[in-house]
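Chemist: Following this message is one structure expressed as structure tokens.
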Amino acid sequence: EASKPSEGEIRDILQAHLDQNPACTPFFAMPRDVPAAETHEQKRMDAFVAAGLVQREGGSVVRYATTAEGAKYIRPGTGALSGDKSVICYGRYAVATVTVGSVDPVIGTANVTYRYALEDAAPWLDAPAIEAFYSGFRTWRAERQAEDQHETLRRRDGKWTVDQSSGSDMYDLRRLAH
């Protein structure tokens, strides 16, 4: 029979889980070539140029490549985004509140509700060009932080772990509309 996990234990488990799944969103594989005729795609990528994350080299095909500043945030996907070749990270999630729901000591499960806050927010989030092109991104982030998140913890081999994560929806910067 499993003992009920403490709030501190749950907080540590959830934080480890969040650290394995950083505040990132799918991004374009870099370098990225955009035909000169695709002006809307160039405008989208130029927002990242203006934010200092990518550089532009042009001709009949415009090539966008990561800058040294961009390399701090653009990387291969990990955790829940491990299937994405490239992601762009924008900070670190930190557990803000935790509530323990139902605990089944026989099966060894605990339902928890929590909220997180975004810490160490990347400066590029406030770049005017990013704000202009992705006007809904700030609102989306604020809404997610204000919503309760739910996870099921399972006791295995004497310790509590996050059961298969419910995952979260992503604001995919590669899409035109959300």
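Chemist: Within the range 72-87, can one find any residue that is of a type outside the set (Ser, Thr, Tyr), open to solvent by less than 50 Å² (accessible area, probe 1.4 Å), in contact with a Cys (Cβ under 7 Å, 6 or more places away or on another chain) and assigned to a strand (DSSP E or B)?
Modeler: Scanning the range 72-87, I find at least one residue that is of a type outside the set (Ser, Thr, Tyr), open to solvent by less than 50 Å² (accessible area, probe 1.4 Å), in contact with a Cys (Cβ under 7 Å, 6 or more places away or on another chain) and assigned to a strand (DSSP E or B), so the answer is yes.
Chemist: While we're on this one: With the checklist (1) under 28 Å from LYS4 (Cα atoms); (2) in a helix (DSSP H, G or I) in hand, flag the one item THR113 doesn't pass.
Modeler: (2)
Chemist: Can you tell me which residue is least open to solvent (accessible area, probe 1.4 Å) among those in the range 46-61 that are free of Cβ contacts under 8 Å to residues at least 24 places away in the same chain and among the small types (Gly, Ala, Ser)?
Modeler: The selected residue is GLY59.
Chemist: If a residue has to be at pLDDT below 85, open to solvent by 50 Å² or more (accessible area, probe 1.4 Å) and either part of a helix (DSSP H, G or I) or not acidic (Asp, Glu) (or both) to count, how many in the range 146-173 make the cut?
Modeler: 5
Chemist: For the range 90-121, how many residues are buried (at least 19 other Cβ atoms within 10 Å of the Cβ), more than 28 Å from LYS159 (Cα to Cα) and hydrophobic (A, V, I, L, M, F, W, C)?
Modeler: So the answer is 0.
Chemist: Of these, GLY83, GLY77, GLY101, GLY91, which one is of a type outside the set (A, V, I, L, M, F, W, C) and on the phi > 0 side of the Ramachandran plot?
Modeler: Details: GLY83 fails: on the phi > 0 side of the Ramachandran plot; GLY77 fails: on the phi > 0 side of the Ramachandran plot; GLY101 fails: on the phi > 0 side of the Ramachandran plot.
Selected residue: GLY91, the only one of GLY83, GLY77, GLY101, GLY91 that is of a type outside the set (A, V, I, L, M, F, W, C) and on the phi > 0 side of the Ramachandran plot.
Chemist: Would you tally the residues in the range 130-145 being farther than 27 Å from VAL98 by Cα and either assigned to a loop (DSSP other than H, G, I, E, B) or open to solvent by less than 30 Å² (accessible area, probe 1.4 Å) (or both)? First the steps, then the outcome.
Modeler: So the first thing to find is which residues in the range 130-145 are farther than 27 Å from VAL98 by Cα, and the list is 130-136.
Narrowing further to those that are either assigned to a loop (DSSP other than H, G, I, E, B) or open to solvent by less than 30 Å² (accessible area, probe 1.4 Å) (or both): 130, 134-136.
Residues meeting the conditions: 4.
Chemist: Okay, moving on. Do the conditions hold for LYS43, that is, is it open to solvent by 30 Å² or more (accessible area, probe 1.4 Å), part of a helix (DSSP H, G or I) and basic (Lys, Arg)? Write out each step before concluding.
Modeler: On the way: open to solvent by 30 Å² or more (accessible area, probe 1.4 Å): yes; part of a helix (DSSP H, G or I): yes; basic (Lys, Arg): yes.
So LYS43 passes the test.
Chemist: Going residue by residue through the range 62-71, is there one that turns out to be open to solvent by 50 Å² or more (accessible area, probe 1.4 Å) and among the aliphatic types (A, V, I, L, M)? Outline the logic, then answer.
Modeler: To start, the set of residues in the range 62-71 that are open to solvent by 50 Å² or more (accessible area, probe 1.4 Å) comprises 63, 68-69, 71.
Okay, now just the ones that are also among the aliphatic types (A, V, I, L, M), so 68, 71.
The answer is yes; a qualifying residue exists.
Chemist: Among residues belonging to the range 1-38 that are without any contact (Cβ under 8 Å) to a residue 24 or more places away in the chain and of a type outside the set (Gly, Ala, Ser), point out the one that is least open to solvent (accessible area, probe 1.4 Å).
Modeler: GLU38
Chemist: Listed residues LEU153, LEU173; which is within 19 Å of CYS24 (Cβ to Cβ) and either β-branched (Val, Ile, Thr) or in contact (Cβ under 8 Å) with a residue 24 or more places away in the chain (or both)? Show your work before the answer.
Modeler: Values: LEU153 fails: within 19 Å of CYS24 (Cβ to Cβ).
Testing whether each residue is within 19 Å of CYS24 (Cβ to Cβ) and either β-branched (Val, Ile, Thr) or in contact (Cβ under 8 Å) with a residue 24 or more places away in the chain (or both) leaves just LEU173.
Chemist: Listed residues LYS43, LYS85; which is of a type outside the set (Phe, Trp, Tyr), more than 18 Å from PHE137 (Cβ to Cβ) and within 24 Å of the chain's Cα centre (by Cα)?
Modeler: Details: LYS43 fails: more than 18 Å from PHE137 (Cβ to Cβ).
None of the other options fit; the residue is LYS85.
The values are calculated or read from the model by the stated rules, or taken from the named source; none is laboratory data. Because the structure is predicted, anything quoted here is derived from the model rather than measured. All Cβ positions, even for glycine, are placed from backbone atoms using ideal geometry, and neighbour counts span all protein chains on display. Quick note on the areas: whole protein, heavy atoms, side chains included, nothing else; ligands and nucleic acids left out. Shrake-Rupley method; radii C 1.70, N 1.55, O 1.52, S 1.80 Å.
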